[in-house]
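Only one structure is covered here, and it is reproduced in the block below.
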Amino acid sequence: MPSIVPPVIPSPTPSSISQSKSTATSSSSSPNSLPTGSFAASPVTSASNIVNALFPVEELGGNSGWSTASEVSSPLPLSDNTLQPSNILSGLTHNYVNAPDGKLGMQAHYPQGSYTLTREPNGGISFYAPGPSNVDLTTAKEATFGYSVYFDEDFGWQKGGKLPGLYGGDTADGSVGCSGGSRSASCFSARLMWRTDGAGEIYAYLPPYTDSQFAANEAVCSVPPYSDCNDVYGASIGRGAFYFESGQWNTVSQRVRLNDVGQANGELELYVGGVSVINVGGLIIRDSDEGRIRGIQMQTFFGGSTSDFACPKDQDSYFADFTVAITETL
């Protein structure tokens, strides 16, 4: 395992995201009435801006982290040796190749007609990754996970698809259960999604707010500009707060803060280019001391579980600059 130098986490600079039209301020609008501009992810080009975008939170009490971004000191290789994949879904590949601009990335291929992870044709990526063993996310009260994603030029967004995020729960094995319409008080996941025209959001499985002891989690249903909750699948949080752009790298970083057991003070936040675009607090992410952040849910695919989400053509995305920081320990 390569040695890891704990990163110095800088203060973010709010210069790497552009606003092309006014952002909606109410969560009551329908997804069809979302602004067509909102915040558009702008290329993050300078080394300092990339580091700021990947490490958007100042270190509070943590002392460890890692990154595959070449701009940080002592970067780790972009490889399975770094990520330590497990629960790899058979039939899917995650090759390390050069993206169209020449940057090394993990390639996800989406064949025309692919959607979900369980039907032919198979498309996307699915595995879980704790990362290097000497950065133990189970010690984290708060952690950030950042990466850059490149979508092919003229990417066909269709109705939406999944993107990686942090996951966790009471046990290592049980933590992988919160997805695909399965929700539980003993696990959580906080992936991202793209939606129509590249609208971005947090897509989270949390302990269900329909259970009175987790009623505080209904807060995710009213995050502007649009959020949607249902009784089966994950919550769509802050849809349209920013837009992914095709043909360039989009750098995102999420922050997950665990609640104190018995209190509703957990938090989810998403940064794009180092700028906070979605932030919701007052949450119950765990209900026991065993509830921990476990690692990266490395998933991307078209879907939705219905054919109207199907990928419209053969196309690819690429992932790079994987970065994790423990910003506060338990």
> Which of the residues spanning segment 245-266 are of a type in the set (A, V, I, L, M) and over 15 Å from the mean Cα position of the chain (by Cα)?
Replying inline: L258, V261, A264
> Which condition number in (1) free of Cβ contacts under 8 Å to residues at least 40 places away in the same chain; (2) among the hydrophobic types (A, V, I, L, M, F, W, C); (3) surrounded by fewer than 17 Cβ atoms within 10 Å (Cβ to Cβ) is the one that V232 fails?
Replying inline: (1)
>> Which of the numbered conditions does A69 fail, given that it passes all the others? Conditions: (1) within 27 Å of Q248 (Cα to Cα); (2) surrounded by fewer than 23 Cβ atoms within 10 Å (Cβ to Cβ); (3) of a type outside the set (S, T, Y); (4) in contact with an Asp or Glu (Cβ under 6 Å, 6 or more places away or on another chain).
In response: (2)
> If you scan segment 177-187, which residues turn out to be in contact with a strand residue (DSSP E or B) (Cβ under 6 Å, 6 or more places away or on another chain) and farther than 13 Å from G234 by Cα?
Replying inline: S186
> For segment 208-229, which residues satisfy the criterion of being more than 29 Å from D154 (Cβ to Cβ), surrounded by 19 or more Cβ atoms within 10 Å (Cβ to Cβ) and out of contact with any strand residue (DSSP E or B) (no Cβ under 7 Å at 6 or more places or on another chain)?
Replying inline: Y209
> Of the residues that sit in segment 272-291 and are more than 17 Å from S175 (Cβ to Cβ) and out of contact with any helix residue (DSSP H, G or I) (no Cβ under 7 Å at 6 or more places or on another chain), which one is surrounded by the most Cβ atoms within 10 Å (Cβ to Cβ)?
Replying inline: V272
>> Tell me the residue from Y115, Y110, Y96 that is surrounded by fewer than 19 Cβ atoms within 10 Å (Cβ to Cβ), over 20 Å from R286 (Cα atoms), more than 17 Å from the chain's Cα centre (by Cα) and aromatic (F, W, Y), please.
In response: Y96
> Take the residues of segment 93-143 that are touching a helix residue (DSSP H, G or I) at 6+ places or on another chain (Cβ under 7 Å) and of a type in the set (S, T, Y): which is farthest from T171 (Cα to Cα)?
Replying inline: Y115
> Are there any pairs, at least 6 apart or on different chains, whose C-beta atoms fall under 7 Å, with the first in segment 130-151 and without any contact (Cβ under 8 Å) to a residue 12 or more places away in the chain and hydroxyl-bearing (S, T, Y) and the second surrounded by fewer than 20 Cβ atoms within 10 Å (Cβ to Cβ) and part of a strand (DSSP E or B), and if so, which?
Replying inline: none
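Looking at segment 102-193, what strands (runs of 3 or more DSSP E) fall wholly within it and have at least 1 residues that are of a type in the set (D, E, K, R)?
Numbers: elements: 104-110, 125-129, 140-151, 160-169.
In segment 102-193, the matching strands (runs of 3 or more DSSP E) lie at 140-151, 160-169.
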> Considering segment 21-71 alone, what residues qualify as being at pLDDT 95 or above and in contact with a Leu (Cβ under 8 Å, 6 or more places away or on another chain)?
Replying inline: W66, S67, T68, A69
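The values are calculated or read from the model by the stated rules, or taken from the named source; none is laboratory data. Computed from a predicted model, the values in this text were never measured in an experiment. Cβ: placed from backbone, ideal geometry, glycine included. Neighbour counts: every protein chain shown.
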